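Asks: This is the structure I want to talk about, given as structure tokens.
The values are calculated or read from the model by the stated rules, or taken from the named source; none is laboratory data. In this text the structure is predicted, and so the values were computed from the model without any measurement. Note that we place each Cβ from the backbone using ideal geometry, even for glycine, and neighbour counts take in every protein chain shown.
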Amino acid sequence: MRIDVVSIFPEYLSALDLSLIGKAREQGLLQLTVTDLREFTADRHRTVDDTPYGGGAGMVMKPEPWALALDAARTRGPAGAGAPEQRPVLVVPSPAGEVFTQATARELALREHLVFACGRYEGIDERVVEWSREHFEVRPMSLGDYVLNGGEVAVLAMVEAIGRLVPGVIGNPESLVEESHSDGLLEYPVYTKPALWRDRPVPEVLLSGHHGRIARWRRDRQLQRTAARRPDLVAALDPAGLDRADRDV
Ligand SMILES: COc1cccc(Cn2ccc3ccc(-c4cc(N)[nH]n4)cc32)c1
């Protein structure tokens, strides 16, 4: 998978040099390039913003640098690939986007080329989104119903959530199966040594070695935790995915 990120704060994305995503880049599982939008300005002050038409507070990001930067990212293309089969996806973090979920991460992890446009100020001139539809599948994307100062934090989260689903990035794919949201439920509580810590024991069943009982206990904890913390997820569950014991929790 090829990932391009465009930002006026490229150093914000240096966290993607670290840990699992950094290792995946070294292994060639992910080709990730971060580009400074200011490289695509033409004035001596490297201007990327201007006042909003119609008035109002703040500044808006100018369209031309974005068009040049996105064209450069698009034509850079997936490394080693011939003509790309799919149009690249342009993800535009925005408070007004669709909400990014694990399902979105799974969907985007299957794509060949993702381009992320990190806006700042009051956002990017809307005509860039319209212009981009000619060569990209454009996806305005929100992390959730709260306001950030720009797209970089959202891109860090999305690239991590997507990148870890790319085959080979996570050493043990088993660990992807039971984690939160993989089956529509929150994950069960986890414990490790010591068995007794500050007068708090590990639940006895987990020390029993009885895998069936352990699996049942974990599933019960998932259902109880999800019902308590995310009733919206319970409402969205497919009843066909629940067995009789689930219904008794
Ligand atoms: C109403 O508040 C705003 C309206 C417009 C722009 C901004 C600031 N801003 C600029 C670029 C940008 C990109 C993403 C986000 C963002 C995403 C999520 N989930 N929250 N915030 C915020 C961004 C704030």
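Asks: Considering 202, 177, which residue is among the aliphatic types (A, V, I, L, M) and out of contact with any strand residue (DSSP E or B) (no Cβ under 9 Å at 6 or more places or on another chain)?
Replies: When all the criteria are applied, what remains is 177.
Asks: If you don't mind, another one. Go through (1) at negative phi; (2) away from the ligand (no atom under 15 Å from the Cβ) and name the single condition residue 168 misses.
Replies: Unmet condition: (1).
Asks: Name the pairs: first residue in the range 120-135 and acidic (Asp, Glu), second residue not in a loop (DSSP other than H, G, I, E, B), Cβ to Cβ under 7 Å, at least 6 apart or on different chains?
Replies: Between residues of the range 120-135 that are acidic (Asp, Glu) and residues that are not in a loop (DSSP other than H, G, I, E, B), the close pairs are 122/60; 125/60; 125/61; 125/63.
Asks: Which number in (1) surrounded by fewer than 13 Cβ atoms within 10 Å (Cβ to Cβ); (2) touching a helix residue (DSSP H, G or I) at 6+ places or on another chain (Cβ under 8 Å) marks the one condition that residue 199 misses?
Replies: The one condition residue 199 does not meet is (2).
Asks: Considering each of 150, 144 in turn, give the residue that is exposed (fewer than 15 other Cβ atoms within 10 Å of the Cβ), within 26 Å of residue 10 (Cβ to Cβ) and not basic (Lys, Arg). Steps first, please.
Replies: Values: 150 fails: exposed (fewer than 15 other Cβ atoms within 10 Å of the Cβ).
Every option except 144 fails the conditions.
Asks: Take the residues in the range 88-102 that are without any contact (Cβ under 8 Å) to a residue 60 or more places away in the chain and surrounded by fewer than 21 Cβ atoms within 10 Å (Cβ to Cβ); name whichever of them is farthest from the ligand (Cβ to nearest atom).
Replies: 89
Asks: Which number in (1) out of contact with any strand residue (DSSP E or B) (no Cβ under 9 Å at 6 or more places or on another chain); (2) surrounded by fewer than 17 Cβ atoms within 10 Å (Cβ to Cβ); (3) among the small types (Gly, Ala, Ser) marks the one condition that residue 109 misses?
Replies: (2)
Asks: Can you report the number of residues in the range 117-165 which are within 8 Å of the ligand (Cβ to nearest atom) and among the aromatic types (Phe, Trp, Tyr)?
Replies: 2
Asks: Now for a separate question. Which of the residues belonging to the range 2-42 are charged (D, E, K, R) and farther than 30 Å from residue 62 by Cβ?
Replies: The answer is 23, 25, 26.
Asks: Which one of 60, 6, 34, 89 is touching a Cys at 6+ places or on another chain (Cβ under 8 Å) and aliphatic (A, V, I, L, M)?
Replies: None of the other options fit; the residue is 6.
Table: residues versus (1) within 18 Å of the chain's Cα centre (by Cα); (2) modelled with pLDDT of 95 or more; (3) aliphatic (A, V, I, L, M).
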residue: 160; (1), (2), (3): yes, yes, no
residue: 202; (1), (2), (3): no, yes, yes
residue: 239; (1), (2), (3): no, no, no
residue: 249; (1), (2), (3): no, no, yes
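Asks: Taking the condition modelled with pLDDT of 95 or more and more than 16 Å from the ligand (Cβ to nearest atom), does residue 76 pass?
Replies: Working: modelled with pLDDT of 95 or more: no; more than 16 Å from the ligand (Cβ to nearest atom): yes.
Taking the combined requirement at face value, the residue does not satisfy it.
Asks: A follow-up question, please. So which residues in the range 156-179 are hydrophobic (A, V, I, L, M, F, W, C) and over 18 Å from residue 91 (Cα atoms), if there are any at all?
Replies: Residues satisfying the conditions are 169, 170, 176, 177.
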